[in-house]
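> Have a look at the structure that comes next, please.
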Amino acid sequence: MCDGSESQNQAEQNVYNLIQTNGTWSRRSPQQSQQGEGRLSAAKIYESRSDQGSCWTVVSPVTFTYRVLQCRDLLDEANDALLWGHVGDPEELRALKGRPGPVKRFVVMDEAVHALYGARVARYFEARGVAFRILPLPTTEENKSLELVTRILEEVHAFGIDRRAEPILAIGGGVCLDVAGLAASLYRRRTPYVRVPTTLLAYVDASVGAKTGVNFAGGKNKLGSYVPPAATLLDRGFLRSLPRRHLANGTAEMLKMALMKHRGLFELLEAEGPTMLSSSFQSPDRVGAEEPADAATESTRVAIETMLEELAPNLWEDDLDRLVDFGHLISPELEMTVLPALLHGEAVTIDMSFMLSVARERGLLTAQQQQRVLGCMRGLGLPVHHAACSLGLVRRALAGRLRHSAGSLRMPLPTGLGRAEIFHDISDETVCEAYSKWNQELSAPEDS
């Protein structure tokens with residue numbers, strides 16, 4: 001038994017740096033580390049001794065570097081990005097290009113995306129002399145399971161890749177990126193992967209963070225890992241093939257960030273959202289670089305930047321107070337309950353719609369602000385209510401939130417348009433009163 005309480009606290013503690021010399025790591029005191037040559041690690045070992053024996057505490061900082069690149073014409077055979085966009089260091093790029101033998105790439109594609117773009121992806125790699133394997137899969141929310149992960153792993157193993165130099169490519173929507181990312185994080189304990197989102201939702205949300213995952217035991221993303229991709233390659237050209245409902249689905253995550261921290265983004269979605277949906281978030285031809293950015297370019301850029309601001313300092317969610325959880329307190333329960341009736345962004349919007357009522361009940365929003373946001377949601381073609389979102393479901397979801405968030409709801413709520421705070425003291429009475437008003441005001445005959 002190692003008692004880490006009083007006896008350990010009274011024990012003398014020594015700290016050691018780690019120095020590598022001629023391929024061997026050795027621990028040294030801080031004074032010794034200043035002498036001689038060698039490679040100094042950022043890791044440290046703390047050693048203490050007590051009547052129980054020795055206790056070692058290892059502090060080993062883990063740093064991930066990943067790139068999020070906006071690209072045009074990603075599948076153009078002259079464009080290097082799909083093959084080498086994950087490499088930011090010129091020397092590393094020269095070394096990779098100089099390796100003997102053919103370059104290899106294993107590609108996971110959503111089967112619907114494969115029907116649209118599979119032939120172009122194949123032509124791209126053929127034109128560049130790349131040995132490749134494309135695996136189309138039915139990556140829908142209903143199929144988001146370990147079975148898909150295992151299928152990918154078996155195919156990757158049979159194809160054979162260099163786990164350092166040949167990243168797995170994932171091309172598709174958020175489910176495809178999550179499933180392929182989890183497979184990559186498991187294969188040989190971590191193989192690099194590259195995300196290529198083909199939906200607006202994945203473009204602004206799933207592709208820019210570190211999460212991977214699959215559904216398990218009836219719960220959304222109950223199994224997963226925090227392993228970011230080597231790179232995310234963003235090409236809005238893929239959005240041309242999306243139906244309007246799926247484009248609207250993606251605006252939900254943009255609206256989330258707008259309500260939490262960027263009033264300008266909210267006003268842009270409010271004013272230009274329907275037009276951007278009609279244009280499939282494509283940009284008009286620009287004559288010169290000095291022209292101001294169009295609405296689609298500006299809104300997606302701001303959505304990504306605000307998301308990265310929140311994710312980068314807390315990539316592993318060590319801090320459970322997260323503004324990006326807005327819209328995600330009851331939506332996982334709702335989405336899984338009615339699957340596949342609601343898309344992810346639609347469930348998120350219904351969650352946000354209810355939370356507006358909670359914020360109003362708490363005195364954080366005015367009635368005018370609440371109605372303005374609801375009007376923006378409707379303008380984007382997003383639902384603001386669903387019959388399945390009962391008070392029982394809301395309370396069940398919040399009870400689960402309480403269990404898994406260290407005993408606090410940690411509820412992000414807007415305190416105005418484009419600003420928010422996280423609240424730990426929202427009572428059940430407030431939730432019930434807010435629900436009663438929300439349900440009365442927004443329920444419609446078509447919900448039932």
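> Test of understanding: among E111, E92, which residue is of a type in the set (D, E), surrounded by fewer than 19 Cβ atoms within 10 Å (Cβ to Cβ) and either touching an Asp or Glu at 6+ places or on another chain (Cβ under 8 Å) or over 15 Å from P192 (Cβ atoms) (or both)?
Only one candidate qualifies: E111.
> Would you mind stating whether R105 is part of a loop (DSSP other than H, G, I, E, B) and in contact (Cβ under 8 Å) with a residue 40 or more places away in the chain?
Criteria not met by R105.
> Name the helices (runs of 4 or more DSSP H) wholly within the range 330-448 that hold at least 1 residues that are in contact with a Gly (Cβ under 8 Å, 6 or more places away or on another chain), closer than 30 Å to T199 by Cβ and in the same structural domain as D318 (by TED's automatic domain parsing)?
Correct list: 331-338, 344-361, 367-379.
> Go through the residues of the range 267-280 one by one and say whether even a single one is charged (D, E, K, R), in the same structural domain as V348 (by TED's automatic domain parsing) and within 30 Å of N79 (Cα to Cα). Walk me through it before giving the result.
Looking only at the range 267-280, we keep the residues that are charged (D, E, K, R), and these are 267, 270, 272.
Of the ones still in play, those that are also in the same structural domain as V348 (by TED's automatic domain parsing) are 267, 270, 272.
Subset that is within 30 Å of N79 (Cα to Cα): none.
Scanning the range 267-280, I find no residue that is charged (D, E, K, R), in the same structural domain as V348 (by TED's automatic domain parsing) and within 30 Å of N79 (Cα to Cα), so the answer is no.
> Something else about it: Being of a type in the set (K, R), buried (at least 18 other Cβ atoms within 10 Å of the Cβ), more than 23 Å from the chain's Cα centre (by Cα) and at pLDDT 95 or above is true for just one of R360, R378. Which residue is that? Don't jump to the end; show me each part of the working.
On the way: R378 fails: buried (at least 18 other Cβ atoms within 10 Å of the Cβ).
After ruling out the rest, the residue left standing is R360.
> Quick one: how many residues across the range 120-168 are in a loop (DSSP other than H, G, I, E, B) and farther than 20 Å from T212 by Cα?
Of the residues in the range 120-168, 7 are in a loop (DSSP other than H, G, I, E, B) and farther than 20 Å from T212 by Cα.
> Further, regarding this structure: Restricting to the range 349-375, what's the tally of residues that are within 23 Å of L334 (Cα to Cα) and charged (D, E, K, R)?
Number satisfying all stated conditions: 3.
> I've got another one for you. Being at pLDDT below 95 and part of a loop (DSSP other than H, G, I, E, B) is the filter here, so list the residues in the range 185-205 that pass it.
R190
> Related question: Looking at (1) within 30 Å of L148 (Cα to Cα); (2) free of Cβ contacts under 8 Å to residues at least 12 places away in the same chain; (3) within 22 Å of the chain's Cα centre (by Cα), can you tell me which one V227 breaks?
Among (1) within 30 Å of L148 (Cα to Cα); (2) free of Cβ contacts under 8 Å to residues at least 12 places away in the same chain; (3) within 22 Å of the chain's Cα centre (by Cα), the lone unmet condition for V227 is (2).
> Based on what the data block shows, is A347 buried (at least 18 other Cβ atoms within 10 Å of the Cβ), closer than 27 Å to G174 by Cα and either out of contact with any strand residue (DSSP E or B) (no Cβ under 7 Å at 6 or more places or on another chain) or acidic (D, E) (or both)?
Judged against the criteria, A347 is a match.
> Could you list, in sequence order, the residues of the range 318-329 that are under 18 Å from G174 (Cβ atoms) and either in a helix (DSSP H, G or I) or acidic (D, E) (or both)?
V324, D325
> Let me ask another. Starting from residues that are hydroxyl-bearing (S, T, Y) and either buried (at least 21 other Cβ atoms within 10 Å of the Cβ) or at pLDDT below 95 (or both), keep the ones in the range 284-334 and report whichever is nearest to G218 (Cα to Cα).
S331
Each row is one residue, and each column tells you yes or no for (1) at pLDDT 95 or above; (2) surrounded by fewer than 24 Cβ atoms within 10 Å (Cβ to Cβ); (3) of a type in the set (F, W, Y).
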| residue | (1), (2), (3) |
| --- | --- |
| L146 | yes, yes, no |
| R163 | no, yes, no |
| A183 | yes, no, no |
| G213 | yes, yes, no |
| A230 | yes, yes, no |
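The values are calculated or read from the model by the stated rules, or taken from the named source; none is laboratory data. Everything numeric here is computed off the predicted structure, so don't read it as measured data. Virtual Cβ from ideal backbone geometry, glycine too; neighbours counted across all protein chains shown.
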